[in-house]
Amino acid sequence: MMSKVYTANDLESLLGEGKSLEDIPSDARFTPMALDILRRERGATRKSSVQPVGKGRVKIHEPILPDSEYNWEPGKDPKTPGELKRFFYSPEIRQLKERMVSMGKRIWGRGYVDGNGGNITIRVGDNLVLCTPTLISKGFMTVDDICMVDLEGVQVAGTRPGTSEVKTHLGIFKQVPQAKSCVHAHPIYGTAFAVANVVPPSCLIPESEVFLGEIGLAPYETPGTPEVAEVVGKLAQKHQSILMANHGVITWGKDVEEAFWKMENTDAVCHTFVIAQQLGDGPKQYGPDKLKDLIKIRKGLGMPDYRMDEFRECELCDTSDLALSTAPQPPSCSCENPAETAGPAGDEEVEALIQQITDAVMEKLSNP
């Protein structure tokens, strides 16, 4: 017999009746929003309900961050048709479906998808993943449209057929245990960079370095094939946002909200870089010493980042994609020996550099 699943409404009713958390059975299960209430109430019982903050000021409870990550008990996936059906239509899974439907509306509303484009997934077990169906506008889905597949892409629940592109998401889930949700979309600026096979450089915007990290670039493979799943899955070990060449963008996070944030971050960085190229002398980078500080903040928030483990400090700020700008960069952004590059450049050297940059740009434009 399956243990009772408590929703947020169940807990609010229980507390409203004057009962305590101790009245809940030890084997009870909880929806994500119910878990938020549990954390809030348990935090309140550990501390006085009214706490001093400073002279003449008090706070009524200890603030906590909400956590929407879905956690399952390893090795306890439902297996039989009856178990799968009960699980798929359970209150906790319905709540996740509602979040996917809401996220679809947000993606569609931002213009990140067109037609039936884009996909959303949430991992709900060792071998189970909720996914959006094929051939549907992400802005007009309902809870009943959501499907469930195993990690090989075989559909195990849902009335609409799943999408073949779910394989790319599964490739990430297989390679990255921390990934609990993926969002794939075609935002205009992010996709433009993917079509150009160009990654926006680092050391430009602090927020993107903290919350997004380095963006990856996957070579083109046919959508929905094992090949694209393999290459994207490997890149996801180092990147939470990946430009899929000539296709679009895919991001991952611990929950669907975080995965969507990464999509917003990615398109915003690409958009900002395009605009910055048109202003003044183009984008300017801060130095790798500043990037190191941001990476430390990112890691402190529990987000993965490999750069300080694999790159020398002088390699942290990639300048290769700043070729469209003739603006000088900070000296710390170069690994060259200062003794070898000392001395002011003459007019001929400047002209040669400008010509070299122009030739590189024209070659890229003529050979996309």
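The values are calculated or read from the model by the stated rules, or taken from the named source; none is laboratory data. Nothing here was measured: the structure is a model prediction, and the numbers come from that model. FYI the Cβ positions are ideal-geometry reconstructions off the backbone, even for glycines, and counts take in every protein chain you see. When the accessible area is computed, the model is the full protein with side chains, heavy atoms only, and any ligands, DNA or RNA have been set aside. Shrake-Rupley method; radii C 1.70, N 1.55, O 1.52, S 1.80 Å.
When you count, for each residue, the other Cβ atoms within 10 Å and take the mean per peptide, how do 172-183, 99-110 rank with the highest first?
On the way: 172-183: 21.8, 99-110: 18.9.
Ranking, from highest mean packing down: 172-183, 99-110.
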In what sequence, highest mean first, do 65-72, 132-139 appear when ranked by Cβ atoms within 10 angstrom? 132-139, 65-72
Quick one: if you stick a label point 7 Å off each Cα along the C-beta vector at Asp281 and Val154, how many nm between them? 6.2 nm
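For the stretch 81-283, what is the accessible area per residue in Å², given a 1.4 Å probe and the full set of protein chains? Could the numbers behind the result be given before it?
Numbers: 7830 Å² over 203 residues.
Accessible area per residue: 39 Å².
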